[in-house]
Amino acid sequence: MARNKHPEETVNLILDVAFRLFMEKGYEHTSIQDIINHLGGLSKGAIYHHFKSKEEILYAVIDRMTEESNQMLTDIKDRTDLKGKEKLQILFNTSINRSVQQDKLLKLQKCYKSSKRNRKSYSFLMSYLLYLF
């Protein structure tokens, strides 16, 4: 069997498709098979090579969405030319202007909140989102 020379491309494709399906159908109504059907020929094994479960895919989608925000926050926090109050003002102003990312997170939260069966995962997700914002 040939090895994939660019596994990050496969992971990104999986995450792109999963995010779109989670937004369209909701987390609870999206199956691993749905994701596979939209991957353009990738196998179930390709997904399970990179992710253990649908829940792990969800966490990777959230991580990817928040990575840019986390870097921005770190960059502001690490600035030595600003005092604490100035850093807080910049953080506040920057957060207000990032409504597109927040809208995506709120939609994802709404999709996942509709899941009544997996309260432990929901609690983890909400704690994680509160930590990020």
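The residues of the range 24-44 that are in a helix (DSSP H, G or I) and open to solvent by 50 Å² or more (accessible area, probe 1.4 Å), listed by number, are E24, K25, Q33, N37, K44.
If you go through the range 51-60 one residue at a time, do you hit one that is of a type outside the set (G, A, S), assigned to a helix (DSSP H, G or I), open to solvent by 70 Å² or more (accessible area, probe 1.4 Å) and out of contact with any Leu (no Cβ under 6 Å at 6 or more places or on another chain)?
No: the range 51-60 contains no residue that is of a type outside the set (G, A, S), assigned to a helix (DSSP H, G or I), open to solvent by 70 Å² or more (accessible area, probe 1.4 Å) and out of contact with any Leu (no Cβ under 6 Å at 6 or more places or on another chain).
For the range 65-82, residues that are more than 30 Å from L15 (Cα to Cα) and either surrounded by 10 or more Cβ atoms within 10 Å (Cβ to Cβ) or polar (S, T, N, Q) (or both) total 3. Kindly check whether there is at least one residue in the range 98-121 that is farther than 15 Å from E28 by Cα, at pLDDT 80 or above and of a type in the set (D, E). No, the range 98-121 contains no residue that is farther than 15 Å from E28 by Cα, at pLDDT 80 or above and of a type in the set (D, E).
Results for (1) out of contact with any Ser or Thr (no Cβ under 7 Å at 6 or more places or on another chain); (2) modelled with pLDDT of 95 or more; (3) on the phi > 0 side of the Ramachandran plot, shown as yes or no for each residue.
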{"site": "A2", "(1), (2), (3)": "yes, no, no"}
{"site": "E9", "(1), (2), (3)": "yes, no, no"}
{"site": "G26", "(1), (2), (3)": "no, no, yes"}
{"site": "L39", "(1), (2), (3)": "yes, no, no"}
{"site": "K44", "(1), (2), (3)": "yes, no, no"}
{"site": "H49", "(1), (2), (3)": "yes, no, no"}
{"site": "E55", "(1), (2), (3)": "no, no, no"}
{"site": "Y59", "(1), (2), (3)": "yes, no, no"}
{"site": "I62", "(1), (2), (3)": "yes, no, no"}
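Let's see how each residue does on (1) of a type in the set (V, I, T); (2) out of contact with any Lys or Arg (no Cβ under 9 Å at 6 or more places or on another chain):
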site	(1), (2)
T10	yes, yes
V17	yes, yes
F22	no, no
A46	no, yes
I62	yes, yes
E67	no, yes
T80	yes, yes
L88	no, yes
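The values are calculated or read from the model by the stated rules, or taken from the named source; none is laboratory data. What you see is a predicted model; the values in this text were computed from it and never measured. Using ideal geometry, Cβ is built from the backbone for each residue, glycine included, and neighbour counts are taken over all protein chains shown. Note: accessible area is taken over every heavy atom of the protein model, side chains too, but ligands, DNA and RNA are not part of it. Shrake-Rupley method; radii C 1.70, N 1.55, O 1.52, S 1.80 Å.
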